[in-house]
1. Would you point out which residue out of 83, 102 is within 16 Å of the ligand (Cβ to nearest atom), in contact (Cβ under 8 Å) with a residue 40 or more places away in the chain and under 16 Å from residue 236 (Cα atoms)?
2. Look at residue 110 and say whether it is buried (at least 16 other Cβ atoms within 10 Å of the Cβ), within 15 Å of the ligand (Cβ to nearest atom) and in contact (Cβ under 8 Å) with a residue 24 or more places away in the chain.
3. Of everything in the stretch 317-353, what is assigned to a helix (DSSP H, G or I) and touching a helix residue (DSSP H, G or I) at 6+ places or on another chain (Cβ under 7 Å)? Give them in sequence order.
4. Testing residue 220 on (1) touching a helix residue (DSSP H, G or I) at 6+ places or on another chain (Cβ under 8 Å); (2) within 12 Å of the ligand (Cβ to nearest atom); (3) within 21 Å of residue 349 (Cα to Cα), one condition comes back false. Which one is that?
5. With respect to the numbered conditions (1) exposed (fewer than 13 other Cβ atoms within 10 Å of the Cβ); (2) part of a loop (DSSP other than H, G, I, E, B), which one is the sole condition not fulfilled by residue 54?
6. Here are some residues: 245, 237. Which one is more than 16 Å from the ligand (Cβ to nearest atom) and buried (at least 24 other Cβ atoms within 10 Å of the Cβ)?
7. Can residue 256 be described as in the same structural domain as residue 162 (by TED's automatic domain parsing), under 28 Å from residue 326 (Cα atoms), within 13 Å of the chain's Cα centre (by Cα) and surrounded by fewer than 24 Cβ atoms within 10 Å (Cβ to Cβ)?
8. Being assigned to a helix (DSSP H, G or I) and surrounded by fewer than 22 Cβ atoms within 10 Å (Cβ to Cβ) is the filter here, so list the residues in the stretch 206-229 that pass it.
Ligand code: PMP
């Protein structure tokens, strides 16, 4: 029994964290994990989340009943408003079908499942993913029978966007292809299109009748401003691009383990949206029956209470601005400080939790092995792992790795 089951390799990020945890070197740094850390390198419970938790648990009627299949309505409606905008015409017209999901991963999974079941694929069942993208995208689509194909995204020469390559791939893709995009704080590169570039991309997507699949895991984390980070999504809605949005509250509310997310599918009309929602409900029922409650209740409280919402926005700014200041400090140390060979302005140009440093596999490995600075071998570092106590050591280690 099960003799033929092959041993799977451990997940590379979780493996990195395990190696970090067992390392006794005093200056060790973990730049692998995609979770926010405060300036002491500790996980941060957002003050607004603490407040909302106290409020929630002090309610004598708080219980552990099941939520409806598509989730807590006060949460999903507020979540839709957060990403699509409070004055979204799609919401006003009743064109948005929302379901609460197991964080962003669950949103992507439910969306993939919905697509395989109901999207009229034009030929092979493909999804176009940026090269590179969050590695889990590949596995998640394959699991439901959709084959990932890649479009050029990151230009290793400029450490920026390969706009032309991206546009050409969109032009060459069969009409009505499904295109997955990160609306802000692209993981793993930290490279986002500018508004002008989004407009150019939308133009091709509209001309080719492609389907936009937005995976938004970092709203607010990129710029510190929730509306600013939702710009691309709202622009595509305004342009009436057929689309869906996956949404996660793991990073922007620090609710990683609570698994709070949502999927929003935008339809051309209210009647279609109603039918779409009914099918999301059927799929959800067979997958997880009903979604988890605690985190959704917390977010519903925060999103629907004016004061708590304002406090959340301040907490987001605290996280985003700490990361931005670490980018600036790392850049300053590499340039003025250590005068490290190469150009480093991409460190401050890139956005959000991650940075593609440009370190190659051997240099990244040297960071792990020699400096005890844990990072993935594609050169990605989590900016959230930097703080005022370790940034100098990290810069010095990068300098040594580059000089070889
Ligand atoms: N999409 C992207 C691009 C991500 O980076 C992540 C988190 N690493 C997710 C989705 C999903 O995260 P979660 O399921 O924790 O919300």
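The values are calculated or read from the model by the stated rules, or taken from the named source; none is laboratory data. Please read all numbers here as calculations on a predicted model, not as lab measurements. In this analysis, Cβ positions are derived from the backbone assuming ideal geometry, glycine residues included, and neighbour counts consider all displayed protein chains.
1. So the residue among 83, 102 that is within 16 Å of the ligand (Cβ to nearest atom), in contact (Cβ under 8 Å) with a residue 40 or more places away in the chain and under 16 Å from residue 236 (Cα atoms) is 83.
2. yes
3. 323, 326, 327, 328, 329, 330, 331, 333, 334, 337, 347, 348, listed by residue number.
4. (2)
5. All conditions pass for residue 54, except number (2).
6. Only one candidate passes the filter, namely 237.
7. yes
8. Correct list: 206, 207, 226, 227, 228.
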